[in-house]
Amino acid sequence: MRIRAIKPGFFHNEDLAALSPLHRLAFAGLWCVADREGRLEDRPRRLKVEILPFDEVDFDRLLEDLAAGGFIVRYRVKQQRLIWIPTWKLHQFPRQDEKPSLFPAHLAPRKVTAPSLRSDGSATDQQMGNGILDLGNGNKKSGGRFGSGNGIRGHGTTG
């Protein structure tokens, strides 16, 4: 885990606010796990233990919903499942001595530019392909705006 910054706009992101508080906490927790390029292994069980060890939550569902909302991109390179945070370089400034990424980049990462971002730094629907996420293995996953559940067992859906 690494020390990362949260900008005030995080708390005013209406799309992120449409998700549960655990989604928001999980998203911020991913930043602490991500390397200097905003990449990390897509290992829901391990991430749950690192980020939300005391909560009864389906972390894979949280990740699915964050991907459907355009906050993360889940992809695969060969047999390795990875996550990329597309707005990473606009909001995080890793220490100069932080080790380079050990994980391959998304096969066709879209260049995230300021015009395609909301004022709070989240990617727009146009930028993230309107809920169609390229998983980097030739498959695409589509989903509702925020998926079909809130990731919390027995607590309904996000709508």
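The numbers here are math on the coordinates, done by the rules we state, and not lab data. Model, not experiment: these values are computed from the prediction. No Cβ is skipped: glycine too gets one built from the backbone with ideal geometry, and neighbour counts run over all protein chains shown.
One table, with the values for the structure above:
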{"read-out": "Candidate set: region 39-70, residues that are in contact with a strand residue (DSSP E or B) (Cβ under 6 Å, 6 or more places away or on another chain) and part of a loop (DSSP other than H, G, I, E, B); chosen: the one farthest from Met1 (Cα to Cα)", "value": "Gly70"}
{"read-out": "Which numbered condition Val33 misses (of (1) in contact with a strand residue (DSSP E or B) (Cβ under 6 Å, 6 or more places away or on another chain); (2) crowded, with 21+ Cβ neighbours inside 10 Å)", "value": "(2)"}
{"read-out": "Of all residues making up region 1-30, the number that are over 22 Å from Pro100 (Cα atoms) and in contact with a strand residue (DSSP E or B) (Cβ under 8 Å, 6 or more places away or on another chain)", "value": "0"}
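Rundown of residues vs (1) surrounded by 16 or more Cβ atoms within 10 Å (Cβ to Cβ); (2) touching a residue at least 24 places away in the same chain (Cβ under 8 Å); (3) closer than 22 Å to Ala105 by Cβ, yes/no style:
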{"position": "Pro8", "(1), (2), (3)": "no, no, no"}
{"position": "Phe11", "(1), (2), (3)": "no, no, no"}
{"position": "Leu22", "(1), (2), (3)": "yes, yes, no"}
{"position": "Gly38", "(1), (2), (3)": "yes, yes, yes"}
{"position": "Asp55", "(1), (2), (3)": "no, yes, no"}
{"position": "Leu63", "(1), (2), (3)": "yes, yes, yes"}
{"position": "Gly70", "(1), (2), (3)": "yes, yes, yes"}
{"position": "Tyr75", "(1), (2), (3)": "yes, yes, yes"}
